[in-house]
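The values are calculated or read from the model by the stated rules, or taken from the named source; none is laboratory data. Note that the structure is a prediction, hence the values are computed from the model and not measured. Using ideal geometry, Cβ is built from the backbone for each residue, glycine included, and neighbour counts are taken over all protein chains shown. With ligands, DNA and RNA removed, areas are computed over all heavy atoms of the protein, side chains included. Shrake-Rupley method; radii C 1.70, N 1.55, O 1.52, S 1.80 Å.
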Amino acid sequence: MINITKLAKSFGNNEVLKEISFNVEQGEFLIVLGSSGAGKSTLLRCINGLVTPTSGEVLINDMSVGKNNIRKIRKKVGMIFQGFNVIDNLSVLNNVLIGRLAYKSPLNILFSKEERRLAEEAIEMVGLNDKKNVRVDRLSGGQKQRVGIARVLVQNPEIILADEPVSSLDPVIGKEILELLREINQQRGTTIICNLHQLDYAKTFGKRIIGVRNGIIQYNGTPSNIKDNDLVNIYGEKFLNNIKSNKNEIKELQTI
Ligand SMILES: Nc1ncnc2c1ncn2[C@@H]1O[C@H](COP(=O)(O)OP(=O)(O)O)[C@@H](O)[C@H]1O
Ligand SMILES: [Mg+2]
């Protein structure tokens, strides 16, 4: 459903993506794993047309992502962010209805009964039924991210791109949000690509992991096949030092 071919992006002399190629099947839950600066956000932004590649191509259902069909792409592809991107002084319901704006003409921004029903359904799916009319600034971080997810669901997207959706949340809440994304993937069949820098989340939730470092794919496979050597390629030498110190700790524990 998504075909990425020799995708490259430079900002000035900084080659951020270096001729990356991979495909994503419909209904996949794919994790893009890599340290800060690896090029993960740039990759997602190329997929939804927010960033124009220097060369190469992204196809979504055989349609080339580019300036000409950006509105069509926006209807198919929803995006979730680390910083939630919600409007604090609006209610949960109104934040979610904003997700419908891409479908409306600027001359008619009144929402229909059907659109309100869709919004309520999305709010229910993310578990915020009792908060529907609460202003978003009264909610916790995890609840705000749920609003961000409901706003995307109301667009009925075929693809959800999540850019480090749990990086501002504590681990327990982060896990709940990833569980919600997994539920959406399984129940609705929505294709999900989720950027993460944390290996433990990636292993728990990814059906497939693409590991990226310096704009190059270092690993493309299942979580269970990922080896220490792959992790050194993804995270660099600092990961090797971690392994060594862990092994030393284990040895120390065994000698006690
Ligand atoms: N709009 C931009 N202008 C210039 N440099 C950018 C821009 N966006 C990203 N970069 C650079 O691209 C590199 C990769 O960034 P990014 O894609 O955000 O990585 P990640 O999401 O993996 O942390 C970084 O060196 C960053 O500074
Ligand atoms: Mg990023």
Do we have GLY27 as in contact with a strand residue (DSSP E or B) (Cβ under 9 Å, 6 or more places away or on another chain) and part of a helix (DSSP H, G or I) here?
no
Among the residues in region 68-82, are any near ligand 1 (Cβ under 10 Å from one of its atoms) and open to solvent by 40 Å² or more (accessible area, probe 1.4 Å)?
yes
Residues located in region 48-69, provided they are outside any strand (DSSP E or B) and aliphatic (A, V, I, L, M):
LEU50, VAL51, VAL65
Mind telling me which of the residues SER36, SER10, SER21, SER41 ends up being part of a strand (DSSP E or B), within 13 Å of ligand 1 (Cβ to nearest atom) and either under 29 Å from VAL136 (Cβ atoms) or over 16 Å from the mean Cα position of the chain (by Cα) (or both)?
SER10
Can you list residue pairs whose Cβ atoms sit under 6 Å apart, with the first residue in region 174-193 being closer than 11 Å to PRO157 by Cα and touching a residue at least 60 places away in the same chain (Cβ under 8 Å) and the second being open to solvent by 80 Å² or more (accessible area, probe 1.4 Å) and in a loop (DSSP other than H, G, I, E, B)? Count only pairs 6 or more apart in sequence or on different chains.
THR191/GLN26
Return the residues of region 55-80 that are basic (Lys, Arg) and touching a strand residue (DSSP E or B) at 6+ places or on another chain (Cβ under 8 Å); say none if nothing qualifies.
LYS72, LYS76
From the set of residues in region 48-58 that are within 12 Å of ligand 1 (Cβ to nearest atom) and aliphatic (A, V, I, L, M), which is nearest to LEU178 (Cα to Cα)?
LEU50
Among the residues of region 8-38, write down those that are within 16 Å of ligand 2 (Cβ to nearest atom) and either open to solvent by 10 Å² or more (accessible area, probe 1.4 Å) or touching a Cys at 6+ places or on another chain (Cβ under 6 Å) (or both).
LYS9, PHE11, ASN14, VAL16, ILE31, SER35, SER36, GLY37
Taking the stated definitions as given, is PRO157 without any contact (Cβ under 8 Å) to a residue 24 or more places away in the chain and either away from ligand 1 (no atom under 16 Å from the Cβ) or basic (Lys, Arg) (or both)?
no
Just to be sure I understand, how many residues within region 144-191 are hydrophobic (A, V, I, L, M, F, W, C) and farther than 16 Å from LEU93 by Cα?
13
In contact (Cβ under 8 Å) with a residue 40 or more places away in the chain and surrounded by fewer than 14 Cβ atoms within 10 Å (Cβ to Cβ): which single residue out of ASN89, ASN95, ASN108 fits that description?
ASN89
